[in-house]
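Down below is the structure, laid out as structure tokens.
The values are calculated or read from the model by the stated rules, or taken from the named source; none is laboratory data. Only a predicted model underlies this, so the values are computations on that prediction, with no experimental measurement involved. No Cβ is skipped: glycine too gets one built from the backbone with ideal geometry, and neighbour counts run over all protein chains shown. For the accessible areas, the whole protein counts, side chains as well, though only heavy atoms, and no ligand, DNA or RNA atoms are used. Shrake-Rupley method; radii C 1.70, N 1.55, O 1.52, S 1.80 Å.
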Amino acid sequence: MPTFPDDTSELRRAIIETARALPRLGLTKGTSGNVSARTESGFLVTPSGTPYENLTEDMIVPLDWDGCYRGETLPSSEWRMHLDFYLAKPDCGAVVHCHSPRATALSCHRRGIPAFHYMVALAGGDRIDCAHYATFGTKALSEAMIAALGDRNACLLANHGQIAGGATLQKALSVAEGVEDLADQYLSALTLGDPVILNAEEMSAILKKFKTYGKQTSELEDGQTAAFELPRRME
């Protein structure tokens, strides 16, 4: 079980920086979307309806596991999705929700992203599902999200957008960016008809590789091998 940080100025600044990265990366516009990070006692989340450029550390809202917040600032209207994401996934350290254009376009057709490309494995499975529709900010939406996530760490939200989690804020943002990139590629592929979908055996091999993908040899655990064939090191 991982350990999570305390509520610190550094963590609050990192949440703000992540939120400000969303429009810069083309993942959202205006005040749509929200960002949170887990702490030892609950989680911190961006406030409701506040432009990202105006965020200050004292505006980041702490909540506990009972859904109670502290302070004078209201948390994001989607605080419940963040809460339930963490409760369902004890290893998750951060969550990013955004209305990225391509993922949102797919979600408006109630379509997920199948294994048209092996990189769907970035979400931890052989596909990225789309949750059933429910009104934003409701328990029903949170329940639909949990069902669509399954054992993965990202999903689309029907007629809404996407949500992604990761061990850290940087990793959660990277997953959200990857989901948007996949949605863009999938929509492009669909212009020529239905693309070829990788089968279960092929995706099983990919998921096995992804357990060590991006790790240096010094980071591999006992018994693990690198995700790809290594070249010989020059003497």
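One table, with the values for the structure above:
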| item | result |
| --- | --- |
| Failed criterion for Gly67 (all others in (1) of a type outside the set (A, V, I, L, M); (2) in contact with a Leu (Cβ under 9 Å, 6 or more places away or on another chain); (3) open to solvent by 60 Å² or more (accessible area, probe 1.4 Å); (4) in a loop (DSSP other than H, G, I, E, B) hold) | (3) |
| Number of positions in region 34-59 that are at pLDDT 95 or above, among the charged types (D, E, K, R) and either assigned to a loop (DSSP other than H, G, I, E, B) or touching a Ser or Thr at 6+ places or on another chain (Cβ under 9 Å) (or both) | 2 |
| Subset tally (residues that are surrounded by 20 or more Cβ atoms within 10 Å (Cβ to Cβ), among the hydrophobic types (A, V, I, L, M, F, W, C) and within 14 Å of the chain's Cα centre (by Cα)) for region 88-113 | 6 |
| Enumeration of residues in region 143-176 that are part of a loop (DSSP other than H, G, I, E, B) and open to solvent by less than 10 Å² (accessible area, probe 1.4 Å) | Ala158 |
| Qualifying residue in region 76-87 (condition: buried (at least 19 other Cβ atoms within 10 Å of the Cβ), in contact with a Gly (Cβ under 6 Å, 6 or more places away or on another chain), aromatic (Phe, Trp, Tyr) and not in a loop (DSSP other than H, G, I, E, B)) | yes |
| Selected residue (only one of Ala115, Ala183 is in contact with a helix residue (DSSP H, G or I) (Cβ under 9 Å, 6 or more places away or on another chain) and farther than 25 Å from Lys29 by Cα) | Ala115 |
| All positions within region 1-33 that are small (Gly, Ala, Ser), in contact (Cβ under 8 Å) with a residue 40 or more places away in the chain and assigned to a loop (DSSP other than H, G, I, E, B) | Gly26, Ser32, Gly33 |
| Residue in region 189-235 that is modelled with the lowest pLDDT, counting only those that are surrounded by 12 or more Cβ atoms within 10 Å (Cβ to Cβ) and among the aromatic types (Phe, Trp, Tyr) | Tyr213 |
| Selected residue [free of Cβ contacts under 8 Å to residues at least 12 places away in the same chain and surrounded by fewer than 20 Cβ atoms within 10 Å (Cβ to Cβ)] from Glu40, Glu72 | Glu72 |
| Which listed residue is at pLDDT 95 or above, open to solvent by less than 60 Å² (accessible area, probe 1.4 Å) and more than 26 Å from Thr3 (Cα to Cα), from Tyr133, Tyr186, Tyr118 | Tyr186 |
| Test: residue in region 186-194 that is in a loop (DSSP other than H, G, I, E, B), of a type in the set (A, V, I, L, M, F, W, C), under 18 Å from Ala115 (Cα atoms) and free of Cβ contacts under 8 Å to residues at least 12 places away in the same chain | yes |
| Per-region count, region 121-130, residues farther than 19 Å from Val35 by Cβ and open to solvent by 10 Å² or more (accessible area, probe 1.4 Å) | 5 |
